[in-house]
Ligand code: BES
Ligand code: ZN
């Protein structure tokens, strides 16, 4: 199983455990062809199509002991279609009272719908200008992870972080929670003294004595980009507009690892136009952060597992930074269009990496991505509807249909377009696409029109060569999918073959291998590997002691698959600490394949589950209950 299957099956798992799994609607590959009609976002119950929500003023207090956020959210609205009610999404929120234009109002809460939460309905008039909701978060707010001091890096203070994408913002803010609905926001956040609060907005760089922090996000954003982190957090600048945040005990390492983030921003700007969000900072969160990275505007949230010490995993930052154009600036209209966010971002991420690290290096990333795509398609089935770029997630949890398809099939499609029309021409097109649609919503159909009119100029030879419809509205990997030949990996293959034919690992030519070469070396090990092989590899390369989380994780899954016991203590230490599901799930999945392994998995999960984010906990619990 590869990373996105893991990311998203993990997310899907939660909903089953919360009693809100998918309702069995599986679209088939012969669904109707696309039309130009704007498709409705089926994952929000808000009526923001008739009411403009222009600004959110948030006024909240974070209680780290009670693990609760309480306060009020004021929405400034324009009721241009004279709707009788404002409908907002909420999930598990306790609504204490509601004011309409600062007068107490009635309200109703609809029943909780699996996956979606409830509709908060507030009567308004055509002239209503503001609606204020007084609320508290619930005990199982899905966006929130509350950490005890013990679960942080420095182990001194508690920590809180949010993860709002795709539809979790509604579990900490009453909002119109659809990617097509944008608004500006301001916030006043009170936190316990000694802690710093940060948001996806203008941010403080130092703590103050009052514990009150104010924020402003002047560019309109959708709710899935709302973010908050609270903890003992230090700041270090990289240059005038970039910097890093982390717990004090990690800040120096983080500053080194991300020391070239400023260059990444200028590289991205040279490709597709100005960075429009003011500052670009990165916060490295405690190890329980359940995903790799999240593109919260102005402040990327990031796992500490990319801090490898040698900058070899910073393409994750290139990815989250690239979202400042693809996703945050031009945003997928619904979660069915998520390839417009993630596929474009993977493509853009690799263009940044190519500029900074060169083509042979970046070709390794393309090849690893192609391998992920192949596995994904094999897993889902070559004809599966879920392998179209345009997804159909109606009546399903939005994260459920997501996988390497939007990421890698999306990126490879764009690479094919680039190769077919030429890089210069494609870059001009993308420049205009990002800048002409800045702060707007995009759906697949509109993008296809752009592609045909502005880039391909309805040229039938180009259209035939690319065959966009097969990619976007068809399954599997189309035969014209580009795949770079890869010299560096070819050398790795030949060293691996030498080893498998009996050569001592000490004689292998692994000089100057980067993380990605080691990943390729281990990924392609055959099933026939024995404990003797693993012992020899460990003796030569000390994989069990690896501090690079990507390599360590792959090694541990091999260790489980081939019962290499000497790796177990280090593996246990790893999974007791790291909460990133992409790493946890392969290990737990490998373990549950044998009865003894399953026992070990149950023992470890029992001991360490509280170190994992609720969503990671649930997906592992589901795996163990099978
Ligand atoms: N925006 C995504 C994370 C996401 C997507 C969360 C959909 C929830 C629903 C983020 O940009 C991302 O793709 N993160 C990847 C890392 C990246 C380098 C591919 C991850 O966390 O693994
Ligand atoms: Zn992404």
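Bear in mind that the values in this text are calculations on the coordinates, not laboratory data. Nothing here was measured: the structure is a model prediction, and the numbers come from that model. Here the Cβ is made from the backbone with ideal geometry for all residues, glycine too, and neighbour counts use every protein chain on show.
Over the stretch 60-219, what relative contact order in percent results from Cα pairs under 8 Å that are six or more residues apart? Intermediate values should be presented prior to the final figure.
Working: 334 pairs, mean separation 38.8, N = 160.
Answer for the stretch 60-219 is 24 percent.
Could you check how many percent of all C-alpha pairs in the stretch 492-625 are farther apart than 22 Å?
On the way: 3295 of 8911 pairs.
The share of Cα pairs beyond 22 Å in the stretch 492-625 comes to 37 percent.
In whole Å, what is the distance between the alpha-carbon centres of the stretch 276-338 and the stretch 209-262?
Here the answer is 12 Å between Cα centres.
Compute the relative contact order of the chain as a whole-number percentage, counting only Cα pairs closer than 8 Å that sit 6 or more residues apart in sequence.
On the way: 1240 pairs, mean separation 89.3, N = 626.
Dividing the mean separation by the residue count of the chain yields 14 percent.
Which of the peptides 204-211, 425-432, 307-314 is most tightly packed, and how do the rest follow, going by the mean number of other Cβ atoms within 10 Å of each residue?
Working: 204-211: 12.5, 425-432: 16.2, 307-314: 17.9.
The densest-packed peptide leads the list: 307-314, 425-432, 204-211.
Output needed for the stretch 72-162: three equivalent-ellipsoid semi-axes, defined as square roots of 5 times the C-alpha gyration tensor eigenvalues, in descending order, whole Å.
Numbers: eigenvalues 218, 44, 23 Å².
Ellipsoid semi-axes (Å, largest first): 33, 15, 11.
Which length gain, in nm to one decimal place, applies between residue 449 and residue 239 when the Cα-Cα distance is subtracted from 0.36 nm times their residue separation? Mind dumping the intermediate values first?
Working: separation 210, 0.36 × 210 = 75.60 nm, distance 4.00 nm.
That pair, residue 449 and residue 239, stretches by 71.6 nm at full extension.
At 222 nm, what value in deg cm²/dmol follows for the chain if DSSP H runs of at least 4 each add -39500 (n - 2.57) and the sum is divided by all its residues, to the nearest 500?
Numbers: 19 runs with 222 residues, N = 626.
Value at 222 nm, helices only, nearest 500: -11000 deg cm²/dmol.
For the residues 557, 184, 162, what sequence is obtained by ranking on other C-beta atoms within 10 Å, fewest first?
Ranked by crowding around the Cβ, least crowded first: 184, 557, 162.
Provide 373, 53 in ascending order of the number of other Cβ atoms located within 10 Å of each residue's Cβ, fewest first. Write out the running numbers ahead of the final one.
On the way: 373 26, 53 21.
By the 10 Å Cβ count, ascending: 53, 373.
Angle check, please: helix 595-608 long axis (alpha carbons) against the longest principal axis of the chain (alpha carbons), in degrees 0 to 90, nearest 10.
40 degrees
Per the Kirkwood formula on distinct C-alpha pairs, the Rh of the chain is how many angstrom? The partial results should precede the final answer.
Working: mean 1/r = 0.0396 Å⁻¹.
Result for the chain, one decimal place: 25.3 Å.
Using Cβ counts within 10 Å as a stand-in for footprinting exposure, how do 319, 457 rank, fewest first? The partial results should precede the final answer.
Values: 319 23, 457 10.
Ordered from fewest to most neighbouring Cβ atoms within 10 Å, 319, 457 come out as 457, 319.
On a 0 to 90 degree scale, rounded to 10, what angle separates helix 359-380 from the longest Cα axis of the chain?
80 degrees
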